[in-house]
Amino acid sequence: MVMNAKVTPIRSAAETALIERFPVVKASLPGLPLQREMAFARFVATGLPHRRVEAWKYTDLRALMREAAPLADRPNEAEATAALNGESPLAGQGAVTLSFVNGHHVRTGGSVPAGVDIVTLADALTAGHPLLDKLGSLALAQGDTALALNTAFMTDGAIIHVAAGADVAEPVALRFVTAGASAVSTAARVLLVVEAGARVTLIESHEGQGALAHQPNTALEIFAADRSVVQHVRLGLNSEGAIALSTLTADLGEETSLTSVNVALRGAVVRHQAYARFSGGDARAQINGATLLRGRQHADSTLVVEHAAEPGGESRELFRTIIDDEASGVFQGKIIVQPHAQKTDGRMASNAVLLSEDAAMYNKPELEIFADDVACAHGATCGALDDDLLFYLMSRGISKADAEALMVESFVGEAIDFIGHEAVREVLHRLVRDWLEARAARAQARRS
């Protein structure tokens, strides 16, 4: 006798809270009700990802996110002003800066460059912007739970359109700040559409204040048309207790060039995931990450690059991770070469330096190759600082702390130096130096 028993999944407290919340807030969220319902249904079907889900094996979000913080309300003027008063490392680096507090647009500073059109996502969703059909259309990322939750709860963000042939000299900047007296969740979404032959740089900073366990979930979608050039810099300075999720999706047309660098410095649990698809031939992508961890931080960089055109183009990924104390890092990277994507040239590397015996790093590079005329490689290394080089520097009169700092900055700098904008690049180098100086100060305090 065959018995069909109905299986009722056991929900965690966070999953239950999210499932109870969506029906309450969905009517107040702007636009795209059907897409929100579909995305939320995907979350209900799967729940929060856990270690038995291969893509989340090393970042068990179901165990890490014990509670679901309430969705942040729009701040009033005083709250927004107070949140933005803190110094932003990338302040002044953009021709125009859109500032968001708790996921809601509150300020626009500077002038929008010629050839660029920007509209807030909330306005676009309300008005039915013509580019909304691109939102969430990259199939490579559609099964992801973090992106599904962002789609279901997205409140605001921006749609940025760069006209064909526009050469935008100064960056377009987005500043996201999460603040408040209690932990909140946010869901900001940005769509960048770059038409044929255009050139643009987008910089993002994600900032949190204090030690609260904020839960920002952000997403950026890039559609780069033929022969366009896109540079993207993302800086993660979340609150010390944050569980921060971020997703980058990119669709690359023929002969396009994409450079994306993610720098992560703060947050209790940080996961940045990137999905890039080569839809046109002869495209090039350089996707980098620089992560510095201390205490009991956990950071996950997950990457999927799909070559789906002939010739398959060139992809390069370079991830550098520094791990101190009891922190842990994760790199999961996969290059997929479709059968017709001949002449693909893909290379991926993840290198980690452990500064303490209790630090941990998990590397999982993968290749899925279905074409026969390709050149693909991946590599992963994990180790301590080179003792011989450390001794060499110390023998020249450099203190151990300074010698370690020189080696770490040089190591991480190789991932940062792909940023074309000199001032932005220098800001990121300074933040790395600040991190190293704080580490040296903690070590000195322990010794005294």
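Working from the Cα coordinates of the stretch 339-448, the gyration tensor eigenvalues give, after taking √(5λ), semi-axes of 35, 18, 13 Å in decreasing order.
Computed over the alpha carbons of the stretch 111-264, Rg followed by Dmax gives 15.4, 48 Å. For the stretch 330-376, relative contact order (Cα pairs under 8 Å, six or more residues apart, normalised by length) works out to 60 percent. Straight-line cross-link reach from Lys400 at under 12 Å between alpha-carbon atoms covers these aspartates and glutamates, not counting any fewer than eight positions away in the same chain: Asp387. Semi-axes of the equivalent ellipsoid of the stretch 67-182 are 24, 22, 13 Å, computed as sqrt(5λ) over the eigenvalues of the C-alpha gyration tensor in descending order.
The stretch 128-156 and the stretch 370-402 have their alpha-carbon centroids 39 Å apart. Springs between Cα atoms under 10 Å define the GNM used for the chain, and in it the highest mean-square fluctuation of Pro171, Pro113, Pro23 occurs at Pro23.
Counting only protein heavy atoms and a probe of 1.4 Å, the accessible surface of the chain is 52% carbon and sulfur.
Ignoring lysines fewer than eight residues from Lys343 along the same chain, the ones with Cα atoms less than 22 angstrom from its Cα are Lys334.
Work out how much length Arg21 to Val44 would gain on full extension: take 0.36 nm times their residue separation and subtract the Cα-Cα distance, in nm to one decimal.
Details: separation 23, 0.36 × 23 = 8.28 nm, distance 1.21 nm.
Going from the current span to full extension adds 7.1 nm.
Of the whole protein surface, Phe223 contributes about 30 Å² of accessible area at a 1.4 Å probe radius. Temperature 10 °C, viscosity 1.306 mPa s: under these conditions the Stokes-Einstein estimate for the stretch 210-272, based on its Kirkwood radius over C-alpha pairs, is 124 µm² per second.
Inverting the mean 1/r over all pairs of different Cα atoms, compute the Kirkwood radius of the stretch 1-117 and quote it in Å.
Details: mean 1/r = 0.0546 Å⁻¹.
Result for the stretch 1-117, one decimal place: 18.3 Å.
When Rg and the Kirkwood Rh are both derived from Cα coordinates, the Rg/Rh ratio for the stretch 372-424 amounts to 1.17.
Give me the percent relative contact order of the chain, please, defined on Cα pairs under 8 angstrom at least 6 residues apart. Rounded, it is 9 percent for the chain.
Taking only the C-alpha atoms of the chain, the Rg (one decimal) and the largest Cα-Cα distance, Dmax (whole number), read 21.7, 81 Å.
Cross-link partners for Lys364 among the aspartates and glutamates, with Cα-Cα distance under 12 Å and sequence neighbours closer than 8 places in the same chain left out: Glu54, Asp300. Rg/Rh for the stretch 136-211 (Cα atoms only, Rh after Kirkwood) is 1.04.
Which of the peptides 147-156, 49-58, 390-399 is most tightly packed, and how do the rest follow, judged by the mean count of other Cβ atoms within 10 Å per residue? Present the calculation step by step, with values, prior to reporting the outcome.
On the way: 147-156: 25.0, 49-58: 16.1, 390-399: 12.1.
Answer by packing, highest mean first, reads 147-156, 49-58, 390-399.
Computed extension gain for Ser111 through Ile369, at 0.36 nm per residue and net of the alpha carbon distance, reaches 88.3 nm.
Which residues among the stretch 401-418 fall inside the zone where the amide N is under 15 Å from a point 7 Å beyond the Cα of Leu389, along Cα→Cβ? Only 402-416 fall inside the zone, counting backbone N under 15 Å. Based on C-alpha pairs under 8 angstrom that are at least 6 apart in sequence, the stretch 130-277 has a relative contact order of 22 percent.
The values are calculated or read from the model by the stated rules, or taken from the named source; none is laboratory data. Keep in mind the model is a prediction, meaning the values are calculated, not measured. Note: ideal-geometry Cβ built from the backbone for every residue, glycine included; neighbour counts use all protein chains shown. Ligands, DNA and RNA are excluded from the accessible area calculation, which covers all protein heavy atoms including side chains. Shrake-Rupley method; radii C 1.70, N 1.55, O 1.52, S 1.80 Å.
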